[in-house]
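Written below as structure tokens is the structure these notes are about.
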Amino acid sequence: MSAAAIEAENITKTYRTGRHRSIEALRGLSFEVPAGSVFGLLGPNGAGKSTTTKILTTLSLPSSGTARVTGADVVRDAATVRTRIGYVSQGASTDPLLTVRENLELAARLRGMPRSEAARRATRLVDEFGLRENVDRAAGKLSGGTRRRLDVATALVHAPRVLFLDEPTTGLDPESRAAMWGEIRRLAGQESLTVVLTTHYLEEADRLADRIMIVDHGTKVVEGTPASSRRRSPETGCASSSSNRMPNARAVLPHPCWACARCSSRSRGRRPCSSHAPTTARPRSARSSRRSMRRGSP
Ligand SMILES: Nc1ncnc2c1ncn2[C@@H]1O[C@H](COP(=O)(O)OP(=O)(O)O)[C@@H](O)[C@H]1O
Ligand SMILES: [Mg+2]
């Protein structure tokens, strides 16, 4: 058996959007993911991350190139690939009207498990993912973070060998994001599981992934290993981000904060976020002073 969980060779994907119009979402992407590792697939919106994930999970056909997941070809042996993977899509993938338990049992039954085994598996996942107090609640009534945890638990119902997570923390508050990171770390500890984590947060991939690949406009910009030891900057007290070690990352990604990758503040361009910006007030422009004088404010 191959030591690589995923082998992608020169995959391209062109979407036809009109009679004479098309979008080249992937332009010859090649990469390998070692079995048992966490692979961070990073890039800005529209880079081709979801397209890559959809091809590897057999939901979409590549226009050219080949890809194998656990040695099985995603086109010729799609059925085998599907039995070995779990997929958490970018949006919520559970039924909002079914309860937590019902969602898990349904997923297990769809994977061919008998009723009693499906119930046992659901109970185990409820405990593993801290869903006990919400077990009889409809998925649609859960908080964003809990719903996302249910999405991940559902994707693991058949104990897959490769788990694809497409932007699992986008839209979550910092607390829920931290909880999800904890879950991903826990899953990463399982030697038999390979995780492909798609994200546009550099910090997220930096913290969780063994290897990072940044894509933009459907091509690989840079691939590398986040440094294991983090140096702290004497000025900001922040851990050095992988964008400092991967200079191309800064040019491509909508960096959360110019000064570091730890805070979740989004400041595009080269301005540090409010927690890192100098605290001294900036002198007011003559125009804004005139405006406030007219309003009678100091
Ligand atoms: N079904 C589709 N039809 C047409 N264009 C698409 C489709 N899906 C994605 N695209 C386009 O392909 C490019 C890559 O999209 P996507 O893979 O979703 O990027 P990402 O997940 O990195 O944000 C974008 O330009 C997007 O608009
Ligand atoms: Mg996407």
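Each value in this text was obtained by applying a stated rule to the coordinates, not by laboratory testing. Note that the coordinates shown come from a computational prediction; the quantities given were computed from them, not determined experimentally. Please note: Cβ atoms are built from the backbone with ideal geometry, for glycine as well, and neighbour counts cover all protein chains shown.
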Checklist entry - Going by the structure shown, is Gly18 in contact with a Leu (Cβ under 7 Å, 6 or more places away or on another chain) and either more than 8 Å from ligand 1 (Cβ to nearest atom) or aliphatic (A, V, I, L, M) (or both)? => result no
Item to check | Matching residues, the range 200-226, being crowded, with 23+ Cβ neighbours inside 10 Å and β-branched (Val, Ile, Thr) | outcome: Ile212, Ile214, Val215
Next on the checklist: For the range 204-218, give me the residue count where each residue is of a type in the set (Lys, Arg) and farther than 18 Å from Ser30 by Cα.
Outcome noted: 1
Next on the checklist: With the condition being without any contact (Cβ under 8 Å) to a residue 60 or more places away in the chain and within 16 Å of ligand 1 (Cβ to nearest atom), I'd like the helices (runs of 4 or more DSSP H) fully within the range 34-135 carrying at least 1 qualifying residues.
Outcome noted: 49-56
Item to check | Close pairs from the range 148-167: first among the small types (Gly, Ala, Ser), partner part of a strand (DSSP E or B), Cβ under 6 Å, at least 6 apart | outcome: Ala155/Gly86; Ala155/Tyr87; Ala155/Val88
Next on the checklist: What's the number of the only condition in (1) over 21 Å from Ala188 (Cα atoms); (2) buried (at least 23 other Cβ atoms within 10 Å of the Cβ) that Gly40 fails to meet?
Outcome noted: (1)
Item to check | Among residues of the range 157-176, those that are at positive phi and away from ligand 2 (no atom under 16 Å from the Cβ), counted | outcome: 1
Item to check | Filter result for Ala25 (in a strand (DSSP E or B), at negative phi, away from ligand 2 (no atom under 16 Å from the Cβ) and of a type in the set (A, V, I, L, M, F, W, C)) | outcome: no
Item to check | strands (runs of 3 or more DSSP E) within the range 144-217 that include 1 or more residues out of contact with any helix residue (DSSP H, G or I) (no Cβ under 8 Å at 6 or more places or on another chain) and more than 16 Å from ligand 1 (Cβ to nearest atom) | outcome: 194-199, 211-216
